[in-house]
Amino acid sequence: MNLTKRSMFAGLAATGIAAGSGGAPALAQQRVEIQFWHAMSGVLGERVGEIVKRFNDSQTKYTVVATNKGNYDEVINATVAAYRAKKAPQIVQIYERGFMAMLLSGAIVPVQDLMTEKKKQVDFSDFIKPVASYYQYKGKLMSMPFNSSTPILFYNKEQFEKAGFSAPADTWAEFEKQLYAIKSKGIAECGSSLAGDYFWSLMENYSTVNDQPWGTKSNGYDGLDTEFVYNKTRLVQQVARLQKWVNDGIIQIAGQGLSPQQLFTSGKCATYFASTAAHGGIEREPTIKWSATYLPHEADLTACNSSIGGATLWVMKGHKSEEYDGAAAFLEFLAKPDLQVWWHQVTGYVPTSNTAYRMAKEQGYYKEHPTREIAILQLNRGTPTPNSQGFHFGNYTQATFALREEMESVFANKKTPQQGLDDAVRRGNELLRQFEKLNAGKY
Amino acid sequence: MRASTSLSPAMPGPVAAVPRRRKVASAGGTRGLKRAHFREARLPLLLLLPQLLVLLLFFFLPALRALSQSFVLTDPFGNSVQFVWFDNFRSLLASPEYRASIGVTFWFTLAQNALTIVVSLVLAFATDRILRGRGFYRSIILLPYAIAPVIAGILWAFLFNTAVGPISFVLHGLGIDWDPNRHGIDAFLLVTFAASWKHICYDYIFLIAALLSVPPSLLEAAAVDGAGPLLRFVRISLPMIGPTIFFLVVMNFVYGFFETFAIVDAVTHGGPGGATMILVYKVYIDGFVHIDLGSSAAQSVLMMIFALALTVLQFRYVERNVNYDV
């Protein structure tokens, strides 16, 4: 204990000296510690470390301690366990699927309320629409947008040119013909590699882009008595298409022990539907000439905005006022446009505010990296409808899991697309009712 | 000390005949594990105490906790809790997915058990016949036991991966449509093989020890009478190591039921379409990934009941055919 304290003071003194240009070195006052749990590993984890270091160096009152608690599932689990033991961190990064669970948990402090109370300068109207709408409840942001992405279509330029196409087609029907042509001409072994989060990129986002409802009550925004309805929309056709692709070897399932991205970057598959955050990994692989474009849409429907994925930062209940001061200061720091621009450029996530986007554009960043702009253009396309603003469903990780299981049965031809989606909806609705029962009157 | 029979792994099988015990068995009518005889109660209780404490802390208290949780519906953070009587159990038993999971677990445990015991018996029998390099051979067979289940799982998943796995290339070359990502049966086989492979060494080492304790005089006598190695194995060694085999069957069953979680997690994640969703993995997914504590607790309770019932059945019907007295 003593030792830690001493080394902390030593560290403080060192920062004081390093930062002390001119003025007296910072007094060794007790810094308030803010725990920040996140799910960013590898390069992303290093970037989070850089942000935290910058914040800690920028002031002398607070020390943010960032800890990687594993993947998103593990972070929410660790948070739950810590909360029950009354040892929750002040700030925690939770994925978009956990929104309703966090919102109604009774364990959080709404971020916008906190920032207003602590008089922090954050322009909440500046967040890009699909981000703001996803994390809003009754007009207020509940958590701080941090890493947001959206799926786009990566493709192998050489293979498309070889097949006589300049780029992937805009519509699913034309795009399908291209993939079959590429495969039948033997240019690539498979047309596309099925990403692990296909339920998000090829199903949920198919529905948002084509303005198809996923559930009733504006995808759950208007009440807990929402029901899934995606078994009655154009999604059925989309799933039938995917099933056909799997059967014809047009789309390859990577399976355990192999990353789907490798199938694309090695040139085996010609396209890859993935999060724009995959940029970081794909750019590092020099083996193929690639580019990216928007998600396809149905020819007879107008393309809407796509929806986001990723995570936000939640502030947990039960801490001291000075700790909330620190948490608010850190969140304010994160929302600054210049930090947003940097984060966007080093990670591939989208800038979450319009100002940050404008700044990146003025820097000429998108002239050098045109594919980095696709995600934000796609997110800002058109006016969000009740079907494209986001997904507010309770028990949503479980419902998604059920959907994935049913999709596996569809891919195995054990169920027809209609049967699979019907079963997923039945299982999902049971979960929704359970959530409604538990949280009656809270939303 | 009077031999009190137990399924002691270290001392399987044949000791010299103990006539006294046979008498007890028939007189008391107790089958299987027979009662030990102690005159006074205090010493045995005292000796049992440390183990009972461990059981209390790591089994009874968690089990009670699970039981109490299985009757409530709760949000992850525990801020709203509703007592729902048997709703969690009812919705589990009504769910086709849960019933499918019971079926998968049944076939998986059975297949894994049979495969493990048969292969390790063959290996143990073969080791007995090897004269040169026996130690080396044994070490090789024991190696998988030193590998963490997750690593073992990833190894198998990679070797049999449809797109890049060397073994699946061979299978495809033979015209077999191998695809564990899509075909439930392929995924099931893969998980069964991986789980058995990991556990064969465990069975093997017990069988080797048991085979060593078969009195050579019996085997020699049989050899003089003209019985070949295989016949000697089947007619003499096998019955004599019966208690060990029974012990291993019970252990394999426990292993398949509870400890194969990591392998499933690494190889298939319970897919495709629930084809490898064994009960213990479902408990994990619902409890630790989806944080549905009520349902997960109810599943644990049901699993406990299944495991108890099956163990009792094994002791009643299988152990009847095991002879401890040869």
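Taken together, the values in this text are just the output of simple stated rules run on the coordinates, not laboratory data. Please read all numbers here as calculations on a predicted model, not as lab measurements. Virtual Cβ from ideal backbone geometry, glycine too; neighbours counted across all protein chains shown.
Overall shape of chain B was characterised from the C-alpha gyration tensor. The equivalent ellipsoid obtained from it has semi-axes of 38, 32, 16 Å, in decreasing order.
Scanning chain B for chymotrypsin sites (Phe, Trp or Tyr not before Pro) that sit in a DSSP loop and have at most 16 other Cβ atoms within 10 Å, the longest stretch containing none of them is B:87-326. Rounded to 0.05, the FRET efficiency of the B:TRP107 and B:SER213 pair, given R0 = 41 Å and the Cβ-Cβ distance, is 0.75.
Taking label positions 7 Å along the Cα-Cβ direction at both A:GLU285 and B:LEU231, the computed distance is 6.3 nm, reported to one decimal. When the charge dipole of chain B is built from unit charges on Cβ atoms (+1 for Lys and Arg, -1 for Asp and Glu) and taken about the Cα centre, the candidate among B:PHE257, B:VAL119, B:VAL234 whose Cα reaches farthest toward its positive end is B:VAL234. Aspartates and glutamates near A:LYS69 by alpha-carbon distance under 12 Å, same-chain residues fewer than 8 away left out - which ones? Once the sequence-local aspartates and glutamates are set aside, nothing remains near A:LYS69. Potential lengthening of the chain between A:LYS119 and A:ASP170 amounts to 13.8 nm, from the contour at 0.36 nm per residue minus the alpha-carbon distance. Across chain B, Cα pairs under 8 Å and at least six residues apart give a relative contact order of 31 percent.
Counting Cα-Cα pairs of the stretch B:104-165 in 5 Å increments starting at 0 gives whole-percent bin shares of 4, 14, 14, 19, 22, 15, 9, 3, 1. The packing ranking of peptides A:42-53, A:237-248, highest mean first, is A:237-248, A:42-53, where packing means the average number of other beta carbon atoms within 10 angstrom of each residue. For the listed residue pairs A:LYS183/A:LYS367; A:LYS415/B:LYS282; A:LYS244/B:LYS282; A:LYS162/A:LYS244, the alpha carbons are over 26 angstrom apart in A:LYS183/A:LYS367; A:LYS244/B:LYS282.
Pairs of Cα atoms nearer than 8 Å and 6+ residues apart set the relative contact order; for chain A it is 23 percent.
Here's the picture: a label point sits 7 Å out from the Cα of B:THR127 along the beta-carbon direction, and within the stretch B:183-224 the residues with their amide nitrogen under 18 Å of it are B:196-216. Counted over the protein assembly as shown with a bin width of 20 Å, the fraction of Cα pairs per bin, in whole percents, is 14, 40, 31, 13, 2, 0. Distant-in-sequence amide contacts of A:TRP290, defined by a placed amide H-H separation under 5 Å and a gap of 5 or more residues or a different chain, comprise A:LYS157.
Test of understanding: in a Gaussian network model of chain A with alpha carbons linked when under 10 Å, which of A:LEU313, A:LEU377, A:LEU141 would top the mean-square fluctuation ranking? Checking each option, the largest mean-square fluctuation is seen for A:LEU377. Average projection, convex hull of the Cα set of the stretch A:125-183: 6.3 square nanometres.
The A:GLN30 and A:ASP225 beta-carbon pair, evaluated with R₀ = 56 Å, returns a calculated FRET efficiency of approximately 0.65. Each 10 Å bin from zero holds the following percent of Cα-Cα pairs in chain A: 4, 20, 30, 25, 14, 6, 2, 0.
Dipole magnitude for the stretch B:88-321: computed about the Cα centre from +1 point charges on Lys and Arg Cβ and -1 point charges on Asp and Glu Cβ, it is near 440 debye. Across the options A:ILE91, A:TYR396, A:SER125, the greatest Cα extent toward the positive end of the charge dipole of chain A (unit charges at beta carbon of Lys, Arg, Asp, Glu) belongs to A:ILE91.
Within 10 Å of the Cβ of each residue in B:272-278, the mean number of Cβ atoms contributed by other protein chains is 5. Once the Cβ-Cβ distance of B:PHE58 and A:ALA81 is raised to the sixth power relative to R0 = 25 Å, the FRET efficiency obtained is 0.85.
Length gain on complete extension for the stretch A:SER58 to A:LYS317, per 0.36 nm per residue less the alpha carbon to alpha carbon distance?
Length difference between fully extended and current span is 90.6 nm.
The modelled label-to-label distance for the pair B:ILE151/A:ASP300, using points 7 Å beyond Cα in the direction of Cβ, is 5.8 nm.
Placing +1 on the Cβ of every Lys and Arg and -1 on the Cβ of every Asp and Glu, with nothing else charged, gives the protein assembly as shown a dipole about its Cα centre of roughly 2600 debye. Which whole number gives the average, over all residues in A:107-115, of C-beta atoms from other chains lying within 10 Å of the residue C-beta? Taking all residues of A:107-115 together, the mean is 1. In the elastic network of chain B, a GNM with C-alpha springs shorter than 10 Å, the most mobile of B:GLY173, B:GLY165, B:GLY103 is B:GLY173.
Taking 0.36 nm per residue of sequence separation and removing the Cα-Cα distance, the B:ALA309/B:ASN79 pair yields an extension gain of 79.2 nm. Largest GNM mean-square fluctuation among B:ALA195, B:ALA275, B:ALA221, using chain B with Cα springs under 10 Å: B:ALA221.
Computed from Cα atoms, the angle from the helix A:72-84 axis to the main principal axis of chain A rounds to 40 degrees.
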